[in-house]
Amino acid sequence: MMGIVAFLPLCGFLAAICAGCGGGAGYGGGADANAERARLRGLLGEARNLPDGFSARPRDGWRAPFRSADEDCRLVLDAAAAGSAQAVAGVRVAVTYQGDRVGELAGVGLTSYAGDTAERRFAELTRALGDCAVVKGGVAGRSTTFTVSPLDLRGVGGDVQARRLSGRLNGYPYEMHLVFALSGHTVVSLVHTGMAAVDVERTRQLTRFLVGRTAA
């Protein structure tokens, strides 16, 4: 009985995280934008090559379960979220794949830009990641603090920037891998989350899958 009682708050916590996986983003109009949106959706809709343990059925895009107090950290977390303001200047599609580990989610976003906007956006995110050292936020009275450290994802292809966020979310041990990649005119975002430690190799496999899909 004690085990069941102790488990109930954790269930509620995980449900709250999943409830943060919201839908749609604002897109530009026009036939070209609609065609590009359909292309991006097709890339994420065929997920047969996802790492083992991830559902091939995509859910709505990921939303951050808290808001960072730091401007640079807030910028990169907002850029990875489903309702990202960056979509105003480009065409964006965002989904979430659920993993088979406790609290494991892979929030994916693809944003396609015209001209050299993708390179400029990737440079802005690279700078913000470099200036984001500690992430704080959440509900008063519940500890939400993450330390940010480099995450080595060499060998996945493309231009990649990655960070590991380790700490506590509303008092629970939690980790996020935050990844941005530049592939042609597309900026790829990935947030791989889980309770306690998150498997770096699974993050590497997810990134390789996404970069490969957009490059193809």
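The values are calculated or read from the model by the stated rules, or taken from the named source; none is laboratory data. In this text the structure is predicted, and so the values were computed from the model without any measurement. Don't worry about glycine lacking a Cβ; one is built from the backbone with ideal geometry, like all the others, and counts go over all protein chains shown. The accessibility values were calculated without ligands, DNA or RNA, using every heavy atom of the protein model including side chains. Shrake-Rupley method; radii C 1.70, N 1.55, O 1.52, S 1.80 Å.
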Checklist outcome for this item: Restricted to region 195-211 and to residues being more than 14 Å from the chain's Cα centre (by Cα) and not in a helix (DSSP H, G or I), the residue modelled with the lowest pLDDT is Ala196
Checklist entry - Val179 fails exactly one of the following numbered conditions: (1) out of contact with any helix residue (DSSP H, G or I) (no Cβ under 6 Å at 6 or more places or on another chain); (2) at pLDDT 95 or above. What is the number of that condition? => result (1)
Checklist entry - If the Cβ limit is 8 Å and pairs must be 6+ apart or interchain, which residue in region 35-46 that is in contact (Cβ under 8 Å) with a residue 60 or more places away in the chain pairs with which residue that is assigned to a helix (DSSP H, G or I) and open to solvent by 60 Å² or more (accessible area, probe 1.4 Å)? => result Leu43/Arg213; Leu44/Arg213
Next on the checklist: Pairs needed: first member in region 187-206, under 22 Å from Ala81 (Cβ atoms); second member anywhere, of a type in the set (Phe, Trp, Tyr) and in a helix (DSSP H, G or I); C-beta distance under 6 Å; at least 6 residues apart or different chains.
Outcome noted: Val187/Phe122
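Determine if region 163-175 includes at least one residue that is touching a strand residue (DSSP E or B) at 6+ places or on another chain (Cβ under 7 Å), open to solvent by 10 Å² or more (accessible area, probe 1.4 Å) and among the acidic types (Asp, Glu). Working first, answer last.
Filtering region 163-175 down to residues touching a strand residue (DSSP E or B) at 6+ places or on another chain (Cβ under 7 Å) leaves 163-168, 172-175.
Now restrict to residues that are open to solvent by 10 Å² or more (accessible area, probe 1.4 Å): 163-164, 166-168, 172-173, 175.
The next check asks that each one be among the acidic types (Asp, Glu); those that pass are 175.
Scanning region 163-175 turns up at least one residue that is touching a strand residue (DSSP E or B) at 6+ places or on another chain (Cβ under 7 Å), open to solvent by 10 Å² or more (accessible area, probe 1.4 Å) and among the acidic types (Asp, Glu).
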Checklist entry - Which residues, taken from region 124-162, are of a type in the set (Lys, Arg), modelled with pLDDT of 95 or more and in contact with a Ser or Thr (Cβ under 7 Å, 6 or more places away or on another chain)? => result none
Next on the checklist: One residue is enough: does region 123-143 have a residue meeting the conditions within 17 Å of the chain's Cα centre (by Cα), of a type in the set (Lys, Arg) and closer than 21 Å to Arg74 by Cα?
Outcome noted: no
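Restricting to helices (runs of 4 or more DSSP H) lying wholly in region 1-85: which have 2 or more residues that are out of contact with any Cys (no Cβ under 9 Å at 6 or more places or on another chain), at pLDDT 80 or above and more than 24 Å from Arg168 (Cα to Cα)? Reasoning before the result, please.
Numbers: elements: 2-19, 31-45, 71-80.
Answer list for region 1-85: 31-45.
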